[in-house]
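See structure below.
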Amino acid sequence: MTGAWDEARVVELARRLREAETGGWSGPALRAAVEGLGWQWLDSAAGPRLVTGPEPDASPQWAPRLRPTGRFEKDYVPGGEEYVGLYVPVALPEGGAVGKAAAFRAVAEALTQEFGPAPVMGVYGDPGPFYDSAPLWGSPFLRWRDRENTLELHAGEHGPELLLQPTDPVENWFWRQGHGEHYALGGFFGSRNTPANAGLGFPGRWRTDDWEVFSRALGDFLHTLPAETHALGIELDLGFHALVPGTYGPVVFHLACGERLEIVYDAESLGEGIADPGSFGWIPHATRPAALDHWLEAPYHSGDFGIGEVDGPRLARMMVDTLRDLGVASPEDLSLTDHAQRVGDYHVDYYGLTLQENP
């Protein structure tokens, strides 16, 4: 597909991909499906090349591509699929992370109008399916799940892509990441209560009692969050309980993130004798008021950050240093507020935060 973003063209392509007969994702069946889309399948030493017009695309960034079952995929293909994905770039926006997030959201809105809300949405983080690295700008996804095949709006390194994939391999990979080892899963995973999600499984979350491991995971989670929430058209509203000695675990931090990210810190509820929050980088509300709306009225905040502006490791270190100074013994003494898992119509698990959620 060449040219600029064209809503009608992309919606029609998405419709045709959902209707494609993939025949168990064998090579011959996919060749027929590709030719049914009006494309050419050209065999080469490096594998099949897909050409969408009379001539090869001028820019390889526009070229559709097939993902063969290789050494990272072969353990997750219960049906013997030879391929596990057909990727089709649909926009190559300028403007860095801001442009890519905006383009993703525009495509998402068009597909939602056509197909209804996606049964599954979220952010992959690292690792992505079959141990892929996440795009630098973020890794949001929306998934229209069917029993045999799933259509996904997928974050590519250069912009949004349509991804048609067999349903079982990617879900098998996801389920088997519930082994509990550090960094097993990142990001977050949200699902709607809809018949399309019948049989969908959720792996267990990994936990850590190591502040350094937690700080790294938290930094990764925060670093691209405004781009991801804006791309998905959602807002996160997370309160962090901390088991501070001598307390019953108050909400210490509140994170709000839509197109911008801000964290507030409630030091007043912790009484006297705590360290000056400014020494960790917190900004007094009296000096500069918080920019976003927070249900937690707190005297200190992190500052607010837009797409591409978040220094995730710095924010994570600021939070972790504060918690350790308060005497919180371990990341296992942290939890999320009871409403955190409800984001619009989705129930969300925050794998990248590693924290338990309050029922």
Exercise. Over what distance in Å are the Cα centres of the range 103-133 and the range 264-338 separated?
Worked result: 30 Å
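Roll a 1.4 Å probe over the protein chains and send me the accessible area per residue for the chain in Å².
Averaged over the residues of the chain, the accessible area is 44 Å².
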Exercise. If you bin every alpha carbon distance in the chain into 10 Å steps from zero, what whole percent lands in each bin?
Worked result: 5, 24, 31, 21, 12, 5, 1, 0
Exercise. Of ILE263, ILE274, which has the most accessible area and how do the rest follow, probe 1.4 Å?
Worked result: ILE274, ILE263
For this session: Keeping every protein chain in place, order ARG145, ARG49, ARG205 by accessible area at 1.4 Å, biggest value first, i.e. largest first.
Result: ARG49, ARG205, ARG145
Problem set entry | Long-range HN-HN contacts of GLN356 with modeled amide H, under 5 Å | LEU336
For this session: Give the shape of the range 1-51 as rounded, prolate or oblate, defined through the alpha-carbon gyration tensor: a ≥ b ≥ c are the square roots of its eigenvalues, a/c under 1.5 means rounded, and otherwise the shape is prolate if a/b is larger than b/c and oblate if not.
Result: oblate
For this session: Assuming a ≥ b ≥ c are the square roots of the Cα gyration tensor eigenvalues, decide whether the range 161-239 counts as rounded (a/c under 1.5), prolate (otherwise, with a/b larger than b/c) or oblate.
Result: oblate
Problem set entry | Accessible-area value, LYS74, 1.4 Å probe, nucleic acids and ligands omitted, Å² | 120 Å²
Seminar exercise, completed: The relative contact order of the chain, taking Cα pairs under 8 Å that sit 6 or more residues apart, comes to a percentage of 15 percent
Problem set entry | ARG105 accessible area, 1.4 Å probe, all protein chains in place, Å² to nearest 10 | 70 Å²
Exercise. Residue farthest toward the positive end of the dipole of the chain, with Cβ of Lys/Arg at +1 and Asp/Glu at -1: which of ALA45, THR112, GLY281?
Worked result: ALA45
Exercise. Which percent, nearest 5, of DSSP beta bridges in the chain are antiparallel?
Worked result: 95 percent
For this session: Working with all protein chains in place, sort THR208, THR69 by solvent-accessible area computed with a 1.4 Å probe, largest first.
Result: THR69, THR208
For this session: Rounded to the nearest 10 degrees, what's the angle between the helix 312-325 long axis and the longest principal axis of the chain, both from Cα atoms, 0 to 90?
Result: 30 degrees
For this session: Would you check the accessible area of SER330, probe 1.4 Å, heavy atoms only, in square angstrom rounded to 10?
Result: 20 Å²
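The values are calculated or read from the model by the stated rules, or taken from the named source; none is laboratory data. These numbers come from a predicted model, not from an experiment. Methodologically, a virtual Cβ is constructed for each residue, glycine included, from the backbone with ideal geometry; neighbour enumeration extends over all protein chains shown. Side chains are part of the model used for accessible areas, which takes the heavy atoms of the whole protein and leaves out ligands, DNA and RNA. Shrake-Rupley method; radii C 1.70, N 1.55, O 1.52, S 1.80 Å.
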